[in-house]
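Please treat every number below as a calculation from the coordinates, not as lab data. Since we're looking at a predicted model, the values are computed, not measured. For neighbour counting, all protein chains shown are included, and Cβ atoms are generated from backbone atoms with ideal geometry for every residue, glycine included.
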Amino acid sequence: MSEHRKYEIDPVTGSPVHPHTWDGIGELETPPPRWWVLTYVVCVLFAFGWWVLYPAWPFVSGYTKGILGFSTRADVAEQIAVAKAAQAPLNDRLAKADYTVIAADPELSAFALAGGKALFGENCAQCHGSGAAGNIGYPNLLDDDWLWGGDFATLQATIEHGVRATTDGDTRQSMMPAFGKDGMLTRAQVDDVTAYVLSLSGQPADAAAAERGTQLFADNCAACHGDKGIGMRETGAPRLTDAIWLYQGDAKAVAAQVWNPRHGVMPAWAGRLDPLAIKKLVYYVHSLGGGE
Amino acid sequence: MTATVTNRSPATIDEADIPVWSHRPKVQPKKVKGPIRNLKWLVMAVLLGVYWGVPWLRFDRGPFAPDQAILIDLPGRKAYFLWFEIWPQEVYILAGLLIVAAIGLFFATAMLGRVWCGYACPQTVWTDLYMLVERWIEGDRAQRMKLDRAPFSLKKLGKRLAKHASWILIGAMTGGAWILYFNDAPTVVPALFTGSAGMAVYGTVAFLTASTYIMAGVARENVCTYMCPYARFQSAMFDKDTLVVSYHPARGEVRGKHKAGESWEGRGHCIDCRQCVEVCPTGIDIRDGLQMTCISCGLCVDACNNIMDRLGLPHGLVSYDTESNIERVAAGQPRVWRFLRLRTIGYGVVFMAALAGVLYALVARAPLEASVLADRNPLFVRLSNGDYRNGYTLKLLNKSNQPQQVAITLDGLAGGELSILSHENEVSPLIDLAPDTVAAVRVFVRLPAGDWAGQPLDYAFTIHDPARDLTVTAPARFEGPQK
C-alpha cells in the first residue's frame with residue numbers, strides 16, 4: 001500500500017488521469033463536487049439511523065424491531081380505526097333511519113349501498129354470485145320473483161333468520177314432500193303433473209298428460225303452490241306460472257323436483273352480522289332490481 | 001486532500017493527493033448598475049408581485065364554488081382558473097398548457113437566446129433576491145470576500161446569522177405563498193399561524209422553505225450549471241442568428257491594461273478590467289465565448305458599458321448580439337437582424353397551434369357529460385313474465401358550479417322501459433345533480449320478450465337539461481340471450 005501511483009494531469013480539464021488505459025483511452029479521475037460527497041455521507045448516516053429506529057435486519061426467525069416500534073400491520077390497524085371513526089356519523093344516522101328515510105337521502109343511500117355491496121361480497125356472493133344473479137338452487141336476487149317476498153321487512157326477516165336454518169327457531173321453513181320417492185305418486189302420475197306444470201308457464205307439453213295432471217295437481221300440489229300454481233309466499237312455495245325456475249324449468253328438472261325435491265339452506269345471519277350490517281344488506285339487495 | 005487541482009498543478013499528482021471532493025471557488029458577484037440591471041429589477045418585482053399577489057385575487061363563482069381566482073383544490077379534485085374549471089379527466093388541458101409553455105420557451109430561445117434563464121426563471125429571480133439581501137447585510141463583493149477570509153468574530157457571526165435568518169424568512173414566505181394556490185388564502189394564512197393548518201400545509205411550507213434556501217442561497221449557479229436540463233439542450237435551439245450575450249473579440253483583442261491618455265492604436269478596447277467576470281452570477285468569463293454556463297442575464301453588458309463610458313469608447317464591446325453579426329462586424333459589414341427564420345417561424349406556428357388547441361379545449365368544454373357503465377355480472381336478467389332487463393350505472397358529470405336537474409330518456413330502443421332507482425314511482429322524473437359533482441344514477445331498462453330478436457341492441461340514453469336546453473347522448477347496448 002505504500003507504493004502510490006502517479007496520476008498524470010490532463011492539461012485541458014486539470015483533472016488527474018487514471019494510469020490504467022483501456023484500448024488507449026484514459027479516464028479522468030475528476031473529484032466529485034463537495035455537496036455530492038457530503039450528501040453521500042449523510043445518506044450513509046441516515047441508513048444507520050434507520051437501522052436503529054425502524055425494522056431493518058432479518059434474522060432466521062424474526063428481525064430487528066427498531067426502537068420506534070413501528071410496524072406496518074399496526075399502521076394498517078390504525079388506518080382502519082381512523083376509517084371506521086370517519087364512518088361513525090353516517091353509521092349512526094343509518095342505524096336510526098327507516099328504509100324509506102334512507103331511500104330519500106342520497107348520501108345515506110349511497111353509503112348503505114356501498115356498505116351493502118361490500119357485505120354482500122363477503123357473505124352472500126359465495127352462493128348468490130358476486131352479481132347476485134344466483135345459480136341453480138340459489139335464488140337470483142335481481143329478478144322480480146321472490147319465494148318469500150321482496151319488500152324491506154320480508155328481506156330483513158329472511159336474512160336475519162335464514163331459510164331452513166337449523167340454528168334459528170324463527171327460520172323460514174318449507175318442505176315439499178318427495179312425491180315419487182316416498183310412493184305418493186307413481187312415475188306416470190309424476191310425468192302427468194310435470195306436463196301440467198309446464199303448461200302453466202306456457203311451455204310446450206303433452207295436452208293429454210297435462211289434462212290428466214290437472215286433478216293430480218289440485219289434490220297434491222295446490223295446497224302449497226296455490227290454485228293454478230300461482231305460488232304462496234307464506235309457505236315459500238314457488239310460483240309455477242312464470243319464467244323463473246329455482247331448479248330449472250324443463251320437463252326433466254321439474255319431474256325430478258316432484259319425485260325427490262331438493263331443498264336449499266340459507267344460514268340465519270342475525271348473530272353473525274350486526275343489525276346495521278343486515279340493514280345495509282337489505283337495502284342493497286332491495287336496490288338490485290327486484291325490490292318491492 | 002491537500003493539493004488543489006488546477007491548471008497550474010504539476011504534470012503529475014500522487015494518488016494519495018487527489019482530493020476527495022473538488023474545490024470550486026465561490027462566486028461572489030459584484031453589484032452593477034445599468035439599463036439591463038434595471039430591467040431585471042423590474043421583471044423581478046413583477047414576477048414576485050405576481051407570485052405573492054395572485055392568490056389574493058377574488059373571483060365570484062356563486063355559492064357552490066370557491067371565490068379564489070386561481071385555486072387548485074386537491075381534495076376536491078378541481079382546478080379553478082378565472083372562468084375555467086378543470087376536472088381530473090381534463091388534465092390533458094394542463095398537459096397542453098405545459099406543451100404551450102415548453103414550445104414558447106423554445107421559441108423565445110431560438111429568437112432571443114436564454115432570456116428565460118436570465119430574467120424569468122424562478123432560480124434566477126430568487127437567487128437575485130437572495131444576493132440583494134446578502135449585499136445589504138454583508139456588503140458588496142470585496143467586503144464579502146474579506147468577510148469570508150476574516151477570522152471568527154462576533155461581528156462576523158452576527159452578519160452570517162442575519163443573512164441566513166433573512167434567507168430562511170424569504171424561503172418561508174416563498175413556501176407560505178405556494179400553499180395559497182392550493183388553499184383558500186384568507187382562511188389558510190390565519191390557520192398557518194394558529195397551528196391549525198394541517199400536516200400537508202406545514203410539510204409543504206417546510207419543504208419549500210428548505211428548497212428555496214438551498215437553491216437560491218447555497219446552490220445558486222450550480223443549479224443552472226449542474227442540475228438544470230434546459231441548460232444542456234439549449235444549444236439545439238440556437239443558430240447563428242440567435243441573440244446571445246457576446247464579446248466582440250475583433251474589437252476587444254488584443255486586450256491589456258490601458259493608462260489614461262494612451263493611444264488605442266494597435267490594441268483592442270478590452271482593458272482586461274475583469275468587471276464582466278466580477279459581476280457574473282455564474283462566475284464565468286464571457287470573453288471565452290458562448291458557454292453552457294451563461295444564463296444570458298446581460299449583467300456583463302452593463303458592467304462593460306459602464307467601463308466604456310469611463311474610457312469614452314462606444315458601448316457594445318460586450319452586448320446582446322448574434323454570432324453572424326459578430327462575424328459581419330469583424331469583417332466591417334453592417335449588422336443584419338434575421339428574426340424571421342425557418343426555426344423561429346416553425347416554433348411560432350407550433351406554439352400558436354398548441355395555444356389554439358388548449359383554448360379550444362377550454363372553450364368547448366361540455367358543462368354536462370354522461371357515460372354509461374353497463375352491468376356485466378350478469379349482462380341481463382330474465383323477469384317473471386319473460387321480459388329481459390339490463391342494469392346500468394349512469395355517471396352524470398355536472399361540470400357547472402350550480403345545481404342542475406336532468407331528465408333521462410331512452411333513444412332508439414323500441415319497447416324499452418326505463419326505471420330509475422329511487423324514482424320508480426315518478427313519471428318522467430328530474431334527477432338532481434349537485435354542483436361540480438359526478439352523480440352515479442342506477443337505472444334499469446326492461447325490454448318485453450317480444451321485442452328481443454336475439455341480437456344485442458344498440459341505443460342511447462338521452463340526458464336532457466330543460467333549464468339550460470342541453471342535451472347529451474350516451475351510447476348503450478341492450479343484452480339478452482343470443483340466438
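Are there any strands (runs of 3 or more DSSP E) wholly within region B:1-110 with 3 or more residues that are more than 21 Å from the chain's Cα centre (by Cα) and within 14 Å of chain A (Cβ to nearest Cβ), and if so which?
Details: elements: B:12-14, B:70-73, B:78-81, B:84-86.
In region B:1-110, B:12-14 are the strands (runs of 3 or more DSSP E) which contain 3 or more residues that are more than 21 Å from the chain's Cα centre (by Cα) and within 14 Å of chain A (Cβ to nearest Cβ).
I'd like to verify a number: residues in region A:253-292 that are touching a helix residue (DSSP H, G or I) at 6+ places or on another chain (Cβ under 9 Å), acidic (Asp, Glu) and either outside any loop (DSSP other than H, G, I, E, B) or free of Cβ contacts under 8 Å to residues at least 60 places away in the same chain (or both), how many?
Residues that pass the stated criteria total 0.
Is there a residue being surrounded by fewer than 18 Cβ atoms within 10 Å (Cβ to Cβ) and in a helix (DSSP H, G or I) anywhere in region B:259-268?
For region B:259-268, residues surrounded by fewer than 18 Cβ atoms within 10 Å (Cβ to Cβ) and in a helix (DSSP H, G or I): absent.
The rows are residues; the columns are (1) touching a residue at least 60 places away in the same chain (Cβ under 8 Å); (2) crowded, with 18+ Cβ neighbours inside 10 Å; (3) out of contact with any strand residue (DSSP E or B) (no Cβ under 8 Å at 6 or more places or on another chain); (4) farther than 19 Å from residue B:229 by Cα.
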{"position": "B:91", "(1), (2), (3), (4)": "no, no, yes, yes"}
{"position": "B:96", "(1), (2), (3), (4)": "yes, yes, yes, yes"}
{"position": "B:103", "(1), (2), (3), (4)": "yes, yes, yes, no"}
{"position": "B:108", "(1), (2), (3), (4)": "no, yes, yes, no"}
{"position": "B:111", "(1), (2), (3), (4)": "yes, yes, yes, yes"}
{"position": "B:115", "(1), (2), (3), (4)": "yes, yes, yes, no"}
{"position": "B:119", "(1), (2), (3), (4)": "yes, yes, yes, no"}
{"position": "B:127", "(1), (2), (3), (4)": "yes, yes, yes, no"}
{"position": "B:132", "(1), (2), (3), (4)": "no, no, yes, yes"}
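If I filter region A:183-192 for residues that are of a type in the set (Asp, Glu), touching a residue at least 40 places away in the same chain (Cβ under 8 Å), assigned to a helix (DSSP H, G or I) and surrounded by 17 or more Cβ atoms within 10 Å (Cβ to Cβ), do I get at least one hit? Outline the logic, then answer.
At the first step, the residues of region A:183-192 found to be of a type in the set (Asp, Glu) are A:191-192.
Remaining after also requiring touching a residue at least 40 places away in the same chain (Cβ under 8 Å): A:191.
Restricting the remaining residues to those that are assigned to a helix (DSSP H, G or I) gives A:191.
Filter again for surrounded by 17 or more Cβ atoms within 10 Å (Cβ to Cβ), leaving A:191.
Yes: region A:183-192 contains one or more residues that are of a type in the set (Asp, Glu), touching a residue at least 40 places away in the same chain (Cβ under 8 Å), assigned to a helix (DSSP H, G or I) and surrounded by 17 or more Cβ atoms within 10 Å (Cβ to Cβ).
On the given criteria, is residue B:360 part of a strand (DSSP E or B), of a type in the set (Ser, Thr, Tyr) and either within 14 Å of another protein chain (Cβ to nearest Cβ) or loosely packed, with under 15 Cβ neighbours inside 10 Å (or both)?
no
Do we have residue A:3 as farther than 30 Å from residue A:282 by Cβ, within 14 Å of another protein chain (Cβ to nearest Cβ) and loosely packed, with under 12 Cβ neighbours inside 10 Å here?
Criteria met by residue A:3.
For residue A:57, indicate whether it is within 15 Å of residue B:19 (Cβ to Cβ), free of Cβ contacts under 8 Å to residues at least 24 places away in the same chain and hydrophobic (A, V, I, L, M, F, W, C). Show your work before the answer.
Values: within 15 Å of residue B:19 (Cβ to Cβ): no; free of Cβ contacts under 8 Å to residues at least 24 places away in the same chain: yes; hydrophobic (A, V, I, L, M, F, W, C): yes.
Spelling it out, it is not the case that residue A:57 is within 15 Å of residue B:19 (Cβ to Cβ), free of Cβ contacts under 8 Å to residues at least 24 places away in the same chain and hydrophobic (A, V, I, L, M, F, W, C).
For region B:412-446, which residues satisfy the criterion of being over 28 Å from residue B:386 (Cα atoms) and assigned to a strand (DSSP E or B)?
B:430, B:431, B:432, B:433, B:437, B:438, B:439, B:440 - these are the residues of region B:412-446 that are over 28 Å from residue B:386 (Cα atoms) and assigned to a strand (DSSP E or B).
In the list B:421, B:457, B:433, B:447, which residue meets the criterion of being buried (at least 17 other Cβ atoms within 10 Å of the Cβ) and touching a Gly at 6+ places or on another chain (Cβ under 7 Å)?
Numbers: B:421 fails: touching a Gly at 6+ places or on another chain (Cβ under 7 Å); B:457 fails: touching a Gly at 6+ places or on another chain (Cβ under 7 Å); B:433 fails: touching a Gly at 6+ places or on another chain (Cβ under 7 Å).
Of B:421, B:457, B:433, B:447, the one residue that is buried (at least 17 other Cβ atoms within 10 Å of the Cβ) and touching a Gly at 6+ places or on another chain (Cβ under 7 Å) is B:447.
Being within 30 Å of residue A:9 (Cα to Cα), of a type outside the set (S, T, N, Q) and either touching a helix residue (DSSP H, G or I) at 6+ places or on another chain (Cβ under 9 Å) or outside any helix (DSSP H, G or I) (or both), is that true of even one residue in region A:34-54?
Checked region A:34-54: at least one residue is within 30 Å of residue A:9 (Cα to Cα), of a type outside the set (S, T, N, Q) and either touching a helix residue (DSSP H, G or I) at 6+ places or on another chain (Cβ under 9 Å) or outside any helix (DSSP H, G or I) (or both).
When only residues in region B:325-357 that are surrounded by 13 or more Cβ atoms within 10 Å (Cβ to Cβ) and β-branched (Val, Ile, Thr) count, which is nearest to residue A:130 (Cα to Cα)?
Across region B:325-357, the extreme among qualifying residues is B:350.
Would you be able to say whether some residue in region A:67-82 is more than 10 Å from chain B (Cβ to nearest Cβ), touching a Pro at 6+ places or on another chain (Cβ under 9 Å), outside any loop (DSSP other than H, G, I, E, B) and of a type in the set (Ser, Thr, Tyr)?
Yes, some residue in region A:67-82 is more than 10 Å from chain B (Cβ to nearest Cβ), touching a Pro at 6+ places or on another chain (Cβ under 9 Å), outside any loop (DSSP other than H, G, I, E, B) and of a type in the set (Ser, Thr, Tyr).
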